[in-house]
Amino acid sequence: YKVVAGFFAVIFALLLFMAFGLNVQSAWVPFAFLSGGLFSGLAGWFGMKTATLASNRTAAGAEKSLNDGLQVAFRSGAVMGLSVVGLGLLDIVVWFFILYWLVPMFASPLSLEEITVTMLCFGMGARSQALFARVGGGIFTKAADDGADLVGKVEQNIPEDDARNPATIADNVGDNVGDVAGMGADLFGSCAESTCAALVIGAVAFATNTEALLFPILIS
């Protein structure tokens, strides 16, 4: 997250220069980019925290019965999915509220097309967050997984996922980052972008009817 924060600071500064220095894009784009990365990282953090806390509870439940372990695993996994959709919708609704209702109080109102196209830009932030989580977590996962398999199983005859193999822990950490946070950030971007794409279509088809924009949000 420290590395990602540095990257976001640099890109945010570049977007600010493009928006206010060169005037080649909307002034809201840098802030939309920042909010997308923030919400995406937040969703990943919720997912990783829950997965870590749920792992030993799942093992404890599985000692009693398969159903007990499955219940904990399924419910903890649902946290990531609900965080992705919930935070994505929150981001969309907050940005629409700012651009549609607050901006006209201080500046000239934006058209629905301008509003929805600007909202699409927070998908860039979500994608940037997903890039680091997926690639960073994926490299860590594969390196640990291959190391655990080669050294543990081949050289030392230790079964896979054995507690005596320290690479197993690294593999689990990498899976948590790559599969939970990385996949969550990736899905956050997809969910937000696809919803905003539907909003753009609605804004173009019904230029003055804001009720048309409610349909994609209600589906989500």
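All but one of (1) in contact with a Ser or Thr (Cβ under 8 Å, 6 or more places away or on another chain); (2) open to solvent by less than 70 Å² (accessible area, probe 1.4 Å); (3) at pLDDT below 90; (4) more than 20 Å from W45 (Cβ to Cβ) hold for G69; which doesn't?
(3)
Filter the stretch 153-172 down to the residues that are part of a helix (DSSP H, G or I), over 31 Å from the mean Cα position of the chain (by Cα) and either hydrophobic (A, V, I, L, M, F, W, C) or modelled with pLDDT under 80 (or both) and list them by number.
Residues satisfying the conditions are K153, V154.
Across the stretch 6-15, which residue is farthest from A133 (Cα to Cα) among those that are surrounded by 15 or more Cβ atoms within 10 Å (Cβ to Cβ) and among the aliphatic types (A, V, I, L, M)?
L15
Could you please tell me which pairs satisfy a Cβ distance under 6 Å, a separation of 6+ or placement on different chains, a first residue in the stretch 159-170 that is open to solvent by less than 100 Å² (accessible area, probe 1.4 Å), and a second residue that is not charged (D, E, K, R)?
Hits for this filter: N165/A148; N165/G152; N165/I158; A167/A144; A167/G147; A167/A148; T168/A148; A170/A144.
In the stretch 97-112, which residues are open to solvent by less than 50 Å² (accessible area, probe 1.4 Å) and at pLDDT 90 or above?
I98, L99, V103
Condition check: open to solvent by 50 Å² or more (accessible area, probe 1.4 Å), part of a helix (DSSP H, G or I) and modelled with pLDDT under 90. Does V3 satisfy that?
yes
Report, ordered by the first and then the second residue, all pairs with beta carbons closer than 9 Å, sequence separation of six or more or different chains, a first member in the stretch 208-220 that is open to solvent by 60 Å² or more (accessible area, probe 1.4 Å), and a second member that is assigned to a helix (DSSP H, G or I) and of a type in the set (S, T, Y).
I219/T195
Under the condition of being touching a Gly at 6+ places or on another chain (Cβ under 7 Å) and of a type in the set (A, V, I, L, M, F, W, C), which residue from the stretch 62-108 is nearest to L120 (Cα to Cα)?
Per the stated criteria, the residue is V84.
For the stretch 173-205, how many residues are farther than 19 Å from V93 by Cβ and either in contact (Cβ under 8 Å) with a residue 12 or more places away in the chain or in a loop (DSSP other than H, G, I, E, B) (or both)?
15
Among what's in the stretch 44-53 and is more than 15 Å from G178 (Cβ to Cβ) and surrounded by 18 or more Cβ atoms within 10 Å (Cβ to Cβ), pick the residue that is nearest to the chain's Cα centre (by Cα). Walk me through how you get there before you give the answer.
Start the filter on the stretch 44-53 by keeping residues that are more than 15 Å from G178 (Cβ to Cβ), which leaves 46, 49-50, 53.
Add one more test, that the residue is surrounded by 18 or more Cβ atoms within 10 Å (Cβ to Cβ), and what stays is 46, 50.
On the way: F46: 10, T50: 15 Å.
Only one residue fits best here, namely F46.
The values are calculated or read from the model by the stated rules, or taken from the named source; none is laboratory data. Quick caveat, the model's predicted, so the values are computed rather than measured. Cβ: placed from backbone, ideal geometry, glycine included. Neighbour counts: every protein chain shown. Each accessible area value is taken on the protein alone, full model and side chains, heavy atoms only, with ligands, DNA and RNA left out. Shrake-Rupley method; radii C 1.70, N 1.55, O 1.52, S 1.80 Å.
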